[in-house]
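Trainee: Here it is, the structure in full.
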Amino acid sequence: MTRLIVWRHGNTEWNATSRVQGQTDVSLNDLGREQARAAAPLLAALRPDAIVASDLRRAADTAAALAALTGLPVRSDARLRERHFGRWQGLFLTEAAERFPTEFARWRAGDPDPGAGLETLDDLGKRVAAAFTDAAEVTPGGTIVLATHGGAARQGIGHLLGWDHGVLRSVGSLANCHWTELRHDDTRGWHLRAHNVGLITAPVPAEPV
């Protein structure tokens, strides 16, 4: 059995102020660093065999908290980056709604390709799921922790499980420093074992941006 623990990074100031991060390289804030330190012992207890992280600092620094406890190295994989939010990156959500009302309405409605330069959900799911699959193949039968981002986690998981966009919209967002557990065996393939696991330290943002 191979186990993937898909771990969302800790809180940032942009999370706290509903500013669109996307692939902008934003650091953890004090709360985010504390969330990572608090979650790390819980994940260490799962006895991971490998840690892989997005190369963006908020995910890499989250992974570093677990590496400090386990002694494992952190392998960087840029495919675990968050969705690219095109012309919205750096804007507050209210600004995106004002400047791009048509595209924003399409995004809110779940359109997988709303425009404004946003990466499509299909492209996002394919690249993140490829990173998940490669990590599993490198450590077959092991437990791998993947430090990534909210939107990336959801789409990568959905692609791996074969879920369509309608199903994914009914799945709640990961809170900061919470995780989803997937397992793979020869009989069932990939399947979901747990979702949004972790310590409750802050409210979940309305959207994983």
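The values are calculated or read from the model by the stated rules, or taken from the named source; none is laboratory data. It should be emphasised that the depicted structure is a prediction, and the values quoted were computed from it without experimental measurement. Don't worry about glycine lacking a Cβ; one is built from the backbone with ideal geometry, like all the others, and counts go over all protein chains shown. The protein model used for the area step is the full one, side chains on, heavy atoms only, and it has no ligands, DNA or RNA in it. Shrake-Rupley method; radii C 1.70, N 1.55, O 1.52, S 1.80 Å.
Trainee: Out of the residues in region 114-127 meeting the condition of being within 17 Å of VAL167 (Cα to Cα) and not charged (D, E, K, R), tell me which one is surrounded by the fewest Cβ atoms within 10 Å (Cβ to Cβ).
Mentor: Ranking the candidates gives THR120 first.
Trainee: Oh, and also: How about region 45-58: which of its residues are in contact with a Leu (Cβ under 7 Å, 6 or more places away or on another chain) and farther than 17 Å from THR139 by Cα?
Mentor: Scanning region 45-58 gives SER54, ARG58.
Trainee: Name the pairs whose Cβ atoms lie under 6 Å apart, with the first residue in region 169-188 and open to solvent by 50 Å² or more (accessible area, probe 1.4 Å), the second in a loop (DSSP other than H, G, I, E, B), and 6 or more positions between them or separate chains?
Mentor: Partner pairs satisfying both residue conditions: ARG169/GLY110.
Trainee: OK, next. Name the one entry in VAL145, VAL138 that is under 28 Å from GLU34 (Cβ atoms) and either at pLDDT 95 or above or open to solvent by less than 20 Å² (accessible area, probe 1.4 Å) (or both).
Mentor: Just one listed residue meets the conditions, VAL145.
Trainee: While we're here: Pairs please, first residue from region 13-38 and of a type in the set (Phe, Trp, Tyr), second anywhere and open to solvent by less than 30 Å² (accessible area, probe 1.4 Å), Cβ atoms under 6 Å, 6+ apart in sequence or on different chains.
Mentor: TRP14/GLN21; TRP14/VAL26
Trainee: Looking for something closer than 22 Å to VAL138 by Cβ, in a loop (DSSP other than H, G, I, E, B) and open to solvent by less than 20 Å² (accessible area, probe 1.4 Å) - is there at least one such residue anywhere in region 22-36?
Mentor: No, region 22-36 contains no residue that is closer than 22 Å to VAL138 by Cβ, in a loop (DSSP other than H, G, I, E, B) and open to solvent by less than 20 Å² (accessible area, probe 1.4 Å).
Trainee: Which of the residues that make up region 67-103 are farther than 19 Å from LEU124 by Cβ and of a type in the set (Phe, Trp, Tyr)?
Mentor: Selection gives PHE92 alone.
Trainee: Can I ask one more? Identify, please: which residue in region 79-113 is in contact (Cβ under 8 Å) with a residue 60 or more places away in the chain and more than 21 Å from the chain's Cα centre (by Cα) and is, among those, least open to solvent (accessible area, probe 1.4 Å)?
Mentor: ALA96
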